[in-house]
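The values are calculated or read from the model by the stated rules, or taken from the named source; none is laboratory data. Every value quoted in this text rests on a predicted model; they were computed, and no experiment measured them. Please note: Cβ atoms are built from the backbone with ideal geometry, for glycine as well, and neighbour counts cover all protein chains shown. Calculation scope for accessible area: heavy atoms of the full protein, side chains included, ligands and nucleic acids excluded. Shrake-Rupley method; radii C 1.70, N 1.55, O 1.52, S 1.80 Å.
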Amino acid sequence: HEINNPLTGILGFAELLKGKFSGALNEKQEGYTQMIGDGGRHLLDLINDLMDLTKIDAGAMPFNPEIISLSEITLLSTTSIQPFLSKKQIEFQQEIGPGTESVYSDARKVKQVFSNLLSNAVKFTPAGGTITLRVFRSDTTTVQAEILDTGIGIELEDQEKIFTSFFQSRVSQNGQFGGIGIGLALCKRLVEMWGGQIGFESQPASGSRFWFTIPIRGP
């Protein structure tokens, strides 16, 4: 809270400036205000992910499974990345199979996994590339989601450590892509919370395919 509260205040004032409640902004000031907001929201997401990872490792993360609308979660997750897709001119494809409308899990945590994996795909896919989201019934009790991209892929020597907390691949260490190495570690722990599986396939310079499973019904 000592970090979140001041940061929330900064974001709030940035929104006030964008709303021009204190007068009109010139083009340069609008750009600076947008950068403050974007940077602040990114930092807030990192802080929240780090807090969640710490809670899970401490056994203090609440888990509230119920029948949830997977179609609604995928819509929210894909809508949130649309501006970034447009900016990089990335083609987005979606393949949603029958019988995948609802699953049994914690809605907030499922959305976190979708958002993290989709954001990673956007981050590591060059301009003009393609990202595909597939959701289908893998068997009578499980839905599987896959995020495929035509991005830079993962070096073979990095692949066994990719779900380790704070691990950064060699391409991330050069500062070009940002991040602190907690997104995939958090995804793995969240998926394991609801008894699912998560994995990936990747080839350097040939893209990646990340997948995870969610139960359709409760125990």
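A single entry from D57, D38, D49 fulfils the requirement of being open to solvent by 80 Å² or more (accessible area, probe 1.4 Å) and farther than 22 Å from I216 by Cβ: D57.
When you go through T33, T74, T8 one by one, which is the residue that is touching a helix residue (DSSP H, G or I) at 6+ places or on another chain (Cβ under 8 Å), among the polar types (S, T, N, Q), modelled with pLDDT of 80 or more and farther than 22 Å from A185 by Cβ?
T74
Restricting to segment 119-136, give me the number of residues that are within 27 Å of P62 (Cα to Cα) and modelled with pLDDT under 95.
Count: 2.
Total residues in segment 201-215 satisfying the condition of being closer than 20 Å to D139 by Cβ, open to solvent by 20 Å² or more (accessible area, probe 1.4 Å) and not charged (D, E, K, R): the figure is 3. Restricting attention to segment 77-91, the residues that are surrounded by 12 or more Cβ atoms within 10 Å (Cβ to Cβ) and either of a type in the set (S, T, N, Q) or modelled with pLDDT under 85 (or both) total 3. The conditions of being within 12 Å of the chain's Cα centre (by Cα), under 25 Å from A185 (Cβ atoms), buried (at least 20 other Cβ atoms within 10 Å of the Cβ) and touching a residue at least 12 places away in the same chain (Cβ under 8 Å) are not met by S119.
Report yes if S105 is surrounded by fewer than 13 Cβ atoms within 10 Å (Cβ to Cβ), small (G, A, S), within 19 Å of the chain's Cα centre (by Cα) and at pLDDT 75 or above, otherwise no. So S105 does not fit the description; no.
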